[in-house]
Amino acid sequence: MYPVAVPTVQAQDVTGDARLLDVREQDEWDAGHVEGALHVPLGDVPARLDELVDAGADGRPLVVVCRSGGRSARAVAWLVQNGVDAVNLDGGMGAWADAGRPMVSELGDRPFVR
């Protein structure tokens, strides 16, 4: 069996109306994330499949993100196998921050990638 090809998108190519799914852990999310993103830690993705199918039902793919792109690539492969239109943010939140894209923090500090 061959692995599923994981579609990717570059941080600078993510449009303002994109649907983002952040699969990082709570402390990573709290440090800095994309405003408006849906937070579902990777381990919770299977249990929340119905919610994620609904989130992608408007015809826009879910852009899935983690810190560097590894966990989100696994999530995208699984989501695609389960009928969800999803793409991996190449380079994760590190690439997002490097591209100067906006982030928010739940810590009351300047957002950063943990």
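A few points about this structure:
- When +1 charges are put on Lys and Arg Cβ atoms and -1 charges on Asp and Glu Cβ atoms, the dipole computed for the chain relative to its Cα centre reaches about 320 debye.
- Per-residue 3J(HN,Hα) values for region 6-20, derived from phi via the Karplus relation 6.51 cos²θ - 1.76 cosθ + 1.60 with θ = phi - 60°, read 9, x, 10, 9, 7, 3, 5, 9, 6, 7, x, 9, 5, 9, 10 Hz in sequence order (x marks Gly and Pro).
- Positive-end ranking of GLY94, GLN26, ALA75 along the dipole of region 8-98, with charges on Cβ about the Cα centre, is headed by ALA75.
- Residue ranges 83-96, 63-76 sort as 63-76, 83-96 when ordered by packing (mean number of other C-beta atoms within 10 Å per residue, highest first).
- Amide H contacts of VAL87 (H built 1.01 Å from N, under 5 Å, at least 5 apart or other chain): LEU62, VAL63, VAL64
- The residues neighbouring GLN12, those whose beta-carbon lies less than 15 Å from its own, together hold a net charge of -2 under the Lys/Arg +1, Asp/Glu -1 convention.
- Rg/Rh, computed from the Cα trace of region 8-98 with Rh as the Kirkwood radius, has the value 0.92.
- Karplus 3J(HN,Hα) series, Hz, for region 64-76 with 6.51 cos²θ - 1.76 cosθ + 1.60 (x for Gly, Pro): 9, 9, 9, 6, 10, x, x, 5, 5, 5, 5, 5, 4
- The phi-based Karplus calculation (6.51 cos²θ - 1.76 cosθ + 1.60; θ = phi - 60°) puts the 3J(HN,Hα) values of region 94-107 at x, 5, 4, 5, 4, 7, x, 6, x, 9, 10, 10, 8, 9 Hz, whole numbers, x for Gly and Pro.
Readers should treat all values here as calculations from the given coordinates under stated rules, not as data from a laboratory. Note that this is a predicted model, so its numbers are computed, not measured. Cβ sites come from the backbone with ideal geometry, for glycine too, and all protein chains shown count toward neighbours.
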